[in-house]
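Every read-out reported here was derived from the displayed coordinates using simple, explicitly stated rules and does not represent laboratory data. Bear in mind that the values here come from a model prediction, so they are computed numbers and not experimental data. Glycine gets a Cβ as well: all are built from the backbone with ideal geometry, and neighbour counts include every protein chain shown.
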Amino acid sequence: MTGQDGATALLEFRQVNTHYGAVHILKDVDLAIYPGELVCLLGGNASGKSTTLKTLLGMVTPTSGEVVLDGEVVNDKPTSYRVTNGVTMVPENRRLFKRLSVGENLELGAYLRTDKDGIAEDLERIFDLFPRVKERLSQKAGTLSGGEQQMVAIGRALMSRPRVLLMDEPSMGLAPALVQQNFELIRQIHADGMSIFMVEQNANMALSIADRGWVLQTGRVVLDDTAEALLANPELRASYLGEG
Amino acid sequence: MSVIAAPVPSSILDQDWRKVLRWGLICGGALIAMCLVGMPVEMDRRAIIERYLSLGYLTVLFIPVLVGWVASTQVVLEGVEARKQGPFDLVTGFVVGAIGGGFLALLMVALDSWNLRDPLVNWSPKLFRFLTYENGMGFGAVAWIVTGAVLGLVGASFHIVPRTVRRVTSFVVFGLISLSILESLIDDLSEGFRLEWLDEFMFAKKGGLTVTSTIVIGAAIGVLSLVTDGRMKAATERYRNMEGVERQKTSIVLFVVIAVLCGVLPMFLGKIMNELLANVGLFLLLALGLNIVVGLAGLLDLGYVAFFAVGGYTTAVLTSPNSPWFAPELHFGIALIFVVIFATITGLVIGAPVIRMRGDYLAIVTLGFGEIIRLLFMSDWLGPYFGGAQGVTNIPGVDLGFATVKGTDPRSVFYLVLFFCAIAIYVSWRLQASRLGRAWMAIREDEQVAEAMGINTVSAKLMAFVVGAVLASFSGAVLAAKVGSVFPTSFMILVSIIILVVVIVGGMGNIAGVMVGSFVLIGVLGGPKQPGLLQEFQNFKLLIYGLLLVFMMLKRPEGLVPSARRSRELHQEEFLQDAWLQDDKLDSDDEVSVGDGGAEEQ
């Protein structure tokens, strides 16, 4: 694992195994996300990408191994604990609360927070980042365009004041023009100092903005390298980028 | 309307005749179904306008009007994308109505020729007499075809006549029908206010409006509709657009007006009307509870009657001297504490195992639990404790010190129910705006994402179950005190279903909607065992409930009273459609604004 100057990992998997019933999903997975990094997890369908995210967030409990948040083993801690301590997910396909207003969606992102001033501050920050969101505040989230929904989804996640943002297939279901814009957005948020863990199928695009990446295949990490090295890796090029 | 001008058909006979025919068949089918269901004959007894129009004829006559109205919007000539409403609509309505009338004529011939009374109970000479107006078949057949055609024409013409005409006509017609339907309420009210002359003027001795009053009142409503034209809409619009404090103030004023009405009106009402209001209140209380479970948290609970039963039986056992096994004869108020405790326990016991299920599964399992609770109370096993099928009787009223609330004095029951409803409304209102309320809405929208946001979905859902259970148990407790006895048969599954219909028809997740729903359904049509204002509909209540439910789900899923949230959404959809054409422009704005934001950040 490529440690950075001996800093402790923000979020880490140590030999994690998970099962759905008898089906073995993740097999001895090791991952580490260091503060300020933008890392991505690549993999085809059914390779265990979503399970990885669910395990990180505590919606799936590993059968063995450790999930470590900031040096603390959090295997038994509920999702709420992890969210309070800085892990938040932007779900696949955005999945806003469609019949609630944009404002309510953002409020729900800060569900576990009690510091009203801080929440108001973060709301302003999100309005600065996405002026369009402010205009649409009282509108139903389901009536927004795809691009706007993506902004609200990211905004909702930022409202919990996360230290690491988990993004599940951020480019899925977006028009090609928006995909580009979306990655630009992610790059920007990262440039502001956010650590990001991104799960993507669009390997080329993801690696172009990431620091490091892993490739997951049927629940096992088969490649683990810097983004440039992965981009140059002939094996990966053959299996992913060639198709893309 | 489309931007592209549509070519107007050259002739009014240039129709899509297949569609016209199809709608004609629908009209005829509906008419025959209505006749064979038995509604017209049964309701012929109730007069709407003395001697001239009975409710029975109304149930038949409205069909061609309605179908004519709908059909003329549906029959579109092939190749013509959008068109203006015009004379050809009249042809459509006319033909559709005539076909419908023709079906009735055929029905008459069939009625006369064969006897199918065995499978079809309503295949009777009575129906024949009803249809022919006791004037022979030839007259009947011609009369129905002509009437059908004319009514279809009237229905279709609604699209063509000026808006004012449409408004005045519909106001007069609906106003007169509602006045006539509310006859017993008006009787009762005018007696209470010492205004018997008004009642005598309006209604004939045998029921129904008199001809004179029809004309006078009709004219009055017509004038009223002209005067108020546009104002009502403007007022509600203004109310919807209000923000913050202003809106709150208006809401409070509205609320106080309704509260005063609820408090004062019963004093002027007689026994029957107060009984009816008390029933409405009991079901409103149930519906408010279910609204939290289904409307806010999105948990489809079909066994809601279980909590109603627990409330009723707890009160019965704790207060009645006739309780078969344990009869502490507590005061209602003290029993209520135990009602809350037992309802909470039942809510948790039923909720805990089923709460992890989703959607349909939850519905089926709660349906089962609802029946299990009833069967337990009915069983021989628990018979020694709860009286089995004999139930628990002799439940005393509520002794308040200065007055006793009991079933023989429905006004007092109504006030007791009102008290609980007020609590329920307050609780629902506060919960809706609370953190828990937001968590419920998030769960309703997307449970997995709600979980990912850190919401403890299991405990939030259990809370919804428990709050709903407590409200239902209050209703059960009042029912026990009101009726003076509880039986397992008071807690049939039908109760769960009717409450659900009340919530859906009124407007899910919306307190005002639930209130309107209970008044309209329980007050007008009646509850599972309680008669409503339209006692004639008693036998057809479930049919009407079912039809209403299907219609609402198809045409107005947001309910009779859409919440501000819902109407906002509809409003926005229109707005978005307008914005659709400018979408490209918006998208380019989009990129610019994001870029700007980023630049500022860096």
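Structure summary
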read-out: Enumerated helices (runs of 4 or more DSSP H) restricted to region B:389-487, each holding at least 1 residues that are touching a strand residue (DSSP E or B) at 6+ places or on another chain (Cβ under 9 Å); value: B:410-433, B:447-452, B:457-483
read-out: Given (1) in a helix (DSSP H, G or I); (2) among the aliphatic types (A, V, I, L, M); (3) within 14 Å of chain A (Cβ to nearest Cβ), index of the condition residue B:373 fails; value: (3)
read-out: Those residues of region B:112-143 which are within 35 Å of the chain's Cα centre (by Cα) and outside any loop (DSSP other than H, G, I, E, B), in sequence order; value: B:125, B:126, B:127, B:128, B:129, B:130, B:131, B:132, B:143
read-out: Qualifying residue in region A:134-142 (condition: surrounded by 15 or more Cβ atoms within 10 Å (Cβ to Cβ), under 30 Å from residue A:45 (Cα atoms) and out of contact with any Leu (no Cβ under 6 Å at 6 or more places or on another chain)); value: yes
read-out: Any hit, region B:220-227, residues being of a type in the set (Val, Ile, Thr), farther than 30 Å from residue A:98 by Cα, over 25 Å from the mean Cα position of the chain (by Cα) and in a helix (DSSP H, G or I); value: yes
read-out: Selection within region A:111-140 - more than 9 Å from chain B (Cβ to nearest Cβ) and closer than 18 Å to residue B:449 by Cα; value: A:113
read-out: Any pair with Cβ under 7 angstrom, 6 or more apart, that starts in region A:83-110 at a residue that is at the interface with chain B (Cβ under 9 Å from one of its Cβ atoms) and closer than 22 Å to residue A:69 by Cα and ends at one that is assigned to a strand (DSSP E or B) and not acidic (Asp, Glu); value: A:88/A:165; A:88/A:166; A:89/A:166
read-out: Check on residue A:53, within 14 Å of the chain's Cα centre (by Cα) and either assigned to a helix (DSSP H, G or I) or aliphatic (A, V, I, L, M) (or both); value: yes
read-out: Matching residues in region B:488-506 - criterion: being assigned to a loop (DSSP other than H, G, I, E, B) and closer than 20 Å to residue B:275 by Cβ; value: none
read-out: Count of residues meeting criterion [surrounded by 12 or more Cβ atoms within 10 Å (Cβ to Cβ) and among the charged types (D, E, K, R)] in region B:113-157; value: 3
